[in-house]
1. Look through segment 68-77, keep the residues that are free of Cβ contacts under 8 Å to residues at least 24 places away in the same chain and not hydroxyl-bearing (Ser, Thr, Tyr), and return whichever of them is least open to solvent (accessible area, probe 1.4 Å).
2. Considering only strands (runs of 3 or more DSSP E) fully contained in segment 1-66, which possess at least 3 residues that are without any contact (Cβ under 8 Å) to a residue 60 or more places away in the chain, of a type outside the set (Ser, Thr, Tyr) and open to solvent by less than 60 Å² (accessible area, probe 1.4 Å)?
3. Residue check: is Ile69 in contact with a Ser or Thr (Cβ under 6 Å, 6 or more places away or on another chain) and within 20 Å of Glu6 (Cβ to Cβ)?
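The values are calculated or read from the model by the stated rules, or taken from the named source; none is laboratory data. These numbers come from a predicted model, not from an experiment. We place every Cβ from the backbone using ideal geometry, glycine too, and count neighbours over all the protein chains shown. Ligands, DNA and RNA are excluded from the accessible area calculation, which covers all protein heavy atoms including side chains. Shrake-Rupley method; radii C 1.70, N 1.55, O 1.52, S 1.80 Å.
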Amino acid sequence: QVQLVESGGGLVQAGGSLKLSCAASGIIFSINAMGWYRQAPGKQRELVAFVTNGGSTNYAGAVKGRFTISRDNAKNTVYLQMNSLKPEDTAVYYCNADVRPTAWALEHNYWGQGTQVTVSS
C-alpha cells in the first residue's frame, strides 16, 4: 500500500507565499508523474501542476508564473511553491502520484488526503 501525506497548507494574505509538500511512502518501486490538484467549494477538482520523473513540468494557466512544482526523487516527495497568492487560489490542494509498487506490478494512481489553502483579501 502507498500513502501520500501532504503538509504546508494554511492561511495567508493575498500576495503571500506558501510551500506545499507531499511525501509518498509504502511499497514503492518507482513513481512516474507526481502532481497537485485543487478543489474549491462548489467546483470540480482541477489540475494545478504536474512533474514527470524526468523533470518535465506542466501548469494550469491560472497559476503559470506564480507556482513552481518540483520533486526530490530520492525522498519520493513533490513540492509546490506558491507565490503571489490570490483569493481565488483558496481550495483544498490534493497530491497525486502514479506509483509502481514493484517491478512487475501495474502502475496505480494514488491521492493524498488534501490540505487546505486559504488566501484572504
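1. From segment 68-77, those free of Cβ contacts under 8 Å to residues at least 24 places away in the same chain are 68, 70, 72, 74; that's our starting set.
From the residues that got through so far, the ones that are not hydroxyl-bearing (Ser, Thr, Tyr) too are 72, 74.
Numbers: Asp72: 47, Ala74: 98 Å².
Restricting to residues being free of Cβ contacts under 8 Å to residues at least 24 places away in the same chain and not hydroxyl-bearing (Ser, Thr, Tyr), the top hit is Asp72.
2. Numbers: elements: 2-7, 10-13, 18-26, 30-39, 46-51, 57-59.
Where strands (runs of 3 or more DSSP E) fall fully within segment 1-66 and carry at least 3 residues being without any contact (Cβ under 8 Å) to a residue 60 or more places away in the chain, of a type outside the set (Ser, Thr, Tyr) and open to solvent by less than 60 Å² (accessible area, probe 1.4 Å), they are 46-51.
3. yes
So that you can scan it fast, the table gives a plain yes or no per residue for (1) in contact with a strand residue (DSSP E or B) (Cβ under 7 Å, 6 or more places away or on another chain); (2) more than 23 Å from Leu11 (Cα to Cα); (3) of a type in the set (Phe, Trp, Tyr):
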site: Ala40; (1), (2), (3): yes, no, no
site: Arg45; (1), (2), (3): yes, no, no
site: Ala49; (1), (2), (3): yes, no, no
site: Thr52; (1), (2), (3): yes, yes, no
site: Val63; (1), (2), (3): yes, no, no
site: Ser70; (1), (2), (3): yes, no, no
site: Ala74; (1), (2), (3): no, yes, no
site: Asp89; (1), (2), (3): yes, no, no
